[in-house]
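Before any comments, here is the structure.
The values are calculated or read from the model by the stated rules, or taken from the named source; none is laboratory data. Given the structure is predicted, the values throughout are model-derived calculations rather than measurements. All Cβ positions, glycine included, derive from the backbone under ideal geometry; neighbour counts span all protein chains shown. Just the protein is used for accessible areas: all its heavy atoms, side chains included, with ligands, DNA and RNA removed. Shrake-Rupley method; radii C 1.70, N 1.55, O 1.52, S 1.80 Å.
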Amino acid sequence: MMMPKNRKIVVFLIVLLIVSLVIWKYQQKSAVEQISSFEECARAGYPVLESYPEQCRTPNGESFTRQIPNQQNLQQETVEEIGLSFQYPTDLLYRKEIADNDGNIRTVGFFLTKGSEQNPEYQMYGLYENYRNATKDDLERAKTEMDPTTIKEVNVGGYKGIEGLITGPKTRHITIILKDDKLFSISTLPPTEDNKSITEQILSTFQFN
């Protein structure tokens with residue numbers, strides 16, 4: 001018995017669709033298997049985890065970490081009041097400031113600067129607010145000062161937070177984490193891509209006791 005012409009066309013289209021899906025899945029699998037670096041994974045559009053350094057994960061479960069160029073002559077520093085150790089390039093000048101009230105620490109601040117502090121070529125400023133407890137609501141409020149298109153979730157030294165660009169007269173790139181119910185912010189200025197890269201390298205070395 002002959003199959004009606006219309007039915008033949010439908011069957012042909014279904015077969016063509018199945019073959020196309022099989023070919024597409026094979027190509028996707030092949031493309032995933034060929035990925036061998038963070039950059040290739042990110043270019044393919046797979047999820048990038050906001051950690052320091054960043055990680056990208058493919059559908060088959062492989063994870064690739066963005067390689068931050070190693071720099072020679074790194075200096076080790078410890079901020080005991082925060083329980084923080086980190087490394088930074090030796091061409092940066094380090095300075096720490098403690099604000100206290102009758103012996104009780106209110107804030108712990110530290111600078112890493114290249115060039116003059118009044119007009120720095122690069123400056124990273126860390127500020128730990130010990131005088132008050134904070135919650136996730138404080139992180140949400142901090143977002144209101146940031147360009148919404150730049151806001152990302154981050155993880156620094158095992159603590160979660162956010163990062164983004166603050167615009168206006170005091171424009172800077174800022175990372176804010178919630179550490180032991182205290183706000184700890186790290187600002188970068190001028191907020192150029194090169195300066196942000198330096199800060200990311202430093203943040204990747206953050207270790208909390």
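Could you report the accessible area of Glu153 in Å², rounded to 10, computed with a 1.4 Å probe on the protein chains as they sit in the structure?
The accessible area of Glu153 comes to roughly 130 Å².
State the percentage of accessible surface on the chain attributable to carbon and sulfur atoms; use a 1.4 Å probe and exclude ligands, DNA and RNA.
Working: 6760 of 13240 Å².
Using a 1.4 Å probe with all protein chains present, the chain comes out at 51 percent carbon and sulfur.
Want the number for Asp147 to Thr107: 0.36 nm per residue separation, take away the alpha-carbon distance, what's left?
11.8 nm
Mind telling me which of Leu49, Leu21, Leu112 comes out most flexible in a GNM of the chain, alpha-carbon contacts under 10 Å?
Per the Cα network of the chain with a 10 Å cutoff, Leu21 tops the list.
Taking H as built 1.01 Å from N, whose amide H comes closer than 5 Å to the amide H of Gln75, not counting residues under 5 places away?
Amide H neighbours of Gln75, under 5 Å, 5+ apart: Tyr88, Thr90.
Once both labels are modelled 7 Å past Cα along the beta-carbon direction, what's the Leu13-Tyr131 spacing in nm?
The modelled label-to-label distance comes out at 7.2 nm.
For region 123-133, what does the Karplus curve 6.51 cos²θ - 1.76 cosθ + 1.60, with θ = phi - 60°, yield as ³J(HN,Hα) per residue in whole Hz, taken in order and with x for Gly and Pro?
Per-residue couplings from phi come out as 8, 10, 10, x, 9, 9, 9, 7, 7, 8, 7 Hz.
Sort out for me the Cα centre separation of region 144-209 from region 87-143, rounded to whole Å.
Value for the Cα centre distance between the two parts: 11 Å.
Relative to 2.2 N^0.38 Å, what does the C-alpha radius of gyration of the chain come to as a ratio? Two decimals please. Walk me through the numbers before you get to the answer.
Values: Rg = 24.6 Å, N = 209, 2.2 N^0.38 = 16.8 Å.
Normalised Rg, Cα atoms only: 1.47.
Considering only Ile177, Ile105, Gly61, whose Cα is most displaced toward the positive end of the charge dipole of the chain, charges sitting on Cβ of Lys, Arg (+1) and Asp, Glu (-1)?
Gly61
Rank Lys196, Lys143, Lys170 by mean-square fluctuation in a GNM of the chain with C-alpha springs under 10 angstrom and give only the top-ranked residue.
Maximum among the listed residues: Lys170.
Can you list the residues, at least 5 places off or on another chain, whose amide H is less than 5 Å from the amide H of Arg106, using H built in the peptide plane?
Residues meeting the amide H criterion: Ala99, Asp100, Asn101.
So which helices of the chain fit the span-like rule, where a helix is a whole DSSP H run, its Cα atoms reach 24 Å or more along the axis, and its mean Kyte-Doolittle is at least 1.6?
For the chain, where a helix must reach 24 Å along its axis and average at least 1.6, there are no hits.
From the phi of every residue in region 108-119, what ³J(HN,Hα) in whole Hz does the Karplus formula 6.51 cos²θ - 1.76 cosθ + 1.60 yield, where θ is phi - 60° and glycine or proline is x?
Per residue, the Karplus-derived 3J(HN,Hα) values read 10, x, 8, 10, 10, 10, 10, x, 6, 5, 6, 9 Hz.
Starting from the exponent 0.38 and prefactor 2.2 Å, build the expected Rg for region 164-209 from its residue count and divide its actual Cα Rg by it.
1.23
How much length would be gained if the chain were fully extended between Ser85 and Glu39, taking 0.36 nm per residue of separation minus their Cα-Cα distance, in nm to one decimal?
Length gained, Ser85 through Glu39: 13.7 nm.
Please list, ordered by chain and number, the residues whose modelled amide H lies under 5 Å from the amide H of Glu81; skip anything fewer than 5 residues away on the same chain.
So Glu81 has HN proximity to no qualifying residue.
Heavy atoms of the protein only, probe of 1.4 Å, neighbouring chains included. What is the accessible area of Thr149 in Å², nearest 10?
120
Before I look further, what does region 125-182 give for accessible area per residue, probe 1.4 Å, in whole square angstrom?
Ligands and nucleic acids excluded, the result is 57 Å² per residue.
With charges only on Cβ, +1 for K and R and -1 for D and E, what is the dipole size of the chain about its Cα centre, in debye, rounded to 20?
Values: 23 positive and 28 negative charges, 306 e Å.
With Lys and Arg at +1 and Asp and Glu at -1, about 1460 debye.
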